[in-house]
Every structure is written in structure tokens, then in C-alpha cells.
Amino acid sequence: MAGQHKISVRDMNVWFSDKQVIHSLNIDIPSNEIISVLGPANSGITTLLRSLNRLSDLNPAMRVEGEILLDGNNIRDVSVTELRRKVGMVFDVPTPLPISIFDNIAYGPRLSGTKNMKNLTGIVEQSLREAALWDDVKDRLYTPAMSLSGGQQQRLCIARVLALKPEVILLDRPCSGLDPLSTAKIEESLKNLKAQFTIIIAPHNVQQASRVSDHIAFMLMGHLVEHGTAEKILTNPKDQRTNDYLTGRFG
């Protein structure tokens, strides 16, 4: 039943103008787990992530059919603002606001009505701790966020999403441009965060998926080829195309 899953996608088809980019996709995503969505370029993974919090609405050439259920409720039945509070997204390129570290994190809560400075300070600290960035920046919260390194900026963007207390976090190749140390810190944060959140990630590579995932879905040319536990997909995939991708024969 859909209510047993955090997100359920039912018969989803997506077009960009006349080109279909996702075909009849069905998948259930459990709560409080990390699911990696793997696949080569042009597999529809970013389109899927953007559809889950209706960022697809921003593109007039994009048409989405089918149902996406959050806790059993159609995401079309709630406002975009409410949905994006529950389903936050972090992109592959860090996009800190050109303001201080503190104000980057406090920006969303302030828009949502939190004005008390003590409350804001608590939210900022907790979010930075959850994103494994607090120790790096606690003595310079009022310096420009753009002064942070690339890896720190990405963790700042994760903290900015966390400050809104979402239920689901979408990450589109969040470590693609980062060094191994920054990547390791983000991966460790994600493993800690799944106790509170459902996390859907387009990982940087198969190795990252193997390190962080509870479940893995493999997509190819807009089709969901297979989906299962990380152990099952990585060690005994059903489909030869999945095996070929995991072993580096294409992609």
C-alpha cells in the first residue's frame, strides 16, 4: 500500500516538448532510508528528482503524467511552497546565497516566520552540525558564505535544506566536483541523517552508491530497469544491463 512508503510513484511519464524522457515509471521509496538512483547520462534521473518536489513546474515545456504520492497523498493536492518545505533539493553545483554563513541557513526559517534570534541561532547551529560543517565555521558565522571551499559550500547547501526540517532530501550528484575528503564528510552526514529523513540521491558513481545506499534503482534511457536492496543490486542484479553498468561496460 502507498501509505507504507514515504514516496510512491505510479505510472509516471514525462515529456520535454515532444520527447518522452521517462516511461511508465513505478517505484516505492521507504521512509528513513537512502536510495541511490543510478544510470548513465540521459537516463531521466535529474528529471525524476525534479518531479518529486515539482521543480518540473518551472519548465513550461515539461509535462508530467501519473501520480507521485507523499505519505499516500498526491503532491498535486498541496501547494508548491508546502511541498518544497517537506521535500528539499540539493544540486550538483553549490549555490550559497551572497550573504553570511549564518544568514544562508536562517534565510528559509525567517521566510517561514521564525523571527526570534535565539530560535534562529539554535536552528543554524543544529543544521550546521547535522551537515558536519559546524566545527569548520562556528567561529566565522558572519563571514561571507562564498569564502567557503567547494566542499564546505555544498555542506552549507545541505544545512540550508535541513534548516526547513524537510521530510525528504533530494540530492543530484552532490559530490561530483568535490575532493575525496569533502565527499567522505558528506557521505557520513547522509548516513547519520537517514534516521530523521528519507534521502534520494543521484550518486557521483557506483562506488558512492555502494557506500551509502540501503536501496538502489537503476535507470536507463528513461526506463526503470530494476530496483532492490543495495546488496542485491550490487551483487546479484537481475538484468544484464544493470550488471554491465555496474561493471563499467558502459556509462
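Would you confirm, using the coordinates I've provided, whether S147 is open to solvent by 60 Å² or more (accessible area, probe 1.4 Å) and touching a residue at least 40 places away in the same chain (Cβ under 8 Å)? Against the criterion (open to solvent by 60 Å² or more (accessible area, probe 1.4 Å) and touching a residue at least 40 places away in the same chain (Cβ under 8 Å)), S147 does not qualify.
Of all residues in segment 158-180, those that are within 13 Å of I200 (Cβ to Cβ) and assigned to a loop (DSSP other than H, G, I, E, B) have Cβ atoms under 8 Å from Cβ atoms of residues that are open to solvent by 50 Å² or more (accessible area, probe 1.4 Å) and hydrophobic (A, V, I, L, M, F, W, C), 6 or more apart or on another chain, in P174/F91.
State the number of residues belonging to segment 165-186 that are open to solvent by less than 50 Å² (accessible area, probe 1.4 Å) and modelled with pLDDT of 95 or more. Here the count works out to 6. The set of residues from segment 2-33 being open to solvent by 50 Å² or more (accessible area, probe 1.4 Å), touching a residue at least 60 places away in the same chain (Cβ under 8 Å) and among the hydrophobic types (A, V, I, L, M, F, W, C) is empty. What is the number of the single condition among (1) closer than 24 Å to I7 by Cα; (2) surrounded by fewer than 18 Cβ atoms within 10 Å (Cβ to Cβ); (3) of a type outside the set (K, R) that L220 does not meet? The single condition L220 does not satisfy is (2).
If a residue has to be within 18 Å of the chain's Cα centre (by Cα) and under 20 Å from R10 (Cα atoms) to count, how many in segment 203-223 make the cut? Counting residues in segment 203-223 that are within 18 Å of the chain's Cα centre (by Cα) and under 20 Å from R10 (Cα atoms) gives 5. Screening E231 on (1) over 18 Å from I169 (Cβ atoms); (2) touching a residue at least 12 places away in the same chain (Cβ under 8 Å); (3) surrounded by fewer than 21 Cβ atoms within 10 Å (Cβ to Cβ) shows it passes everything except condition (2). If only residues of segment 54-73 that are more than 17 Å from the chain's Cα centre (by Cα) and of a type in the set (A, V, I, L, M, F, W, C) are counted, the one that is nearest to I7 (Cα to Cα) is V64.
If you go through segment 239-251 and keep only what is free of Cβ contacts under 8 Å to residues at least 40 places away in the same chain and either surrounded by 12 or more Cβ atoms within 10 Å (Cβ to Cβ) or β-branched (V, I, T) (or both), you end up with D239, R241, T242, N243, D244, T247. For segment 1-33, residues that are in a strand (DSSP E or B) and under 14 Å from the mean Cα position of the chain (by Cα) total 2. Only residues that are farther than 18 Å from K232 by Cα, open to solvent by 10 Å² or more (accessible area, probe 1.4 Å) and either among the hydroxyl-bearing types (S, T, Y) or assigned to a helix (DSSP H, G or I) (or both) were counted in segment 188-217, giving 3.
The values are calculated or read from the model by the stated rules, or taken from the named source; none is laboratory data. As the structure is a computational prediction, the values presented were derived from the model and not from experiment. Quick reminder, even Gly has a Cβ in these numbers, built from the backbone with ideal geometry, and neighbours come from all protein chains shown. Accessible surface areas use protein heavy atoms only, side chains included; no ligands, DNA or RNA. Shrake-Rupley method; radii C 1.70, N 1.55, O 1.52, S 1.80 Å.
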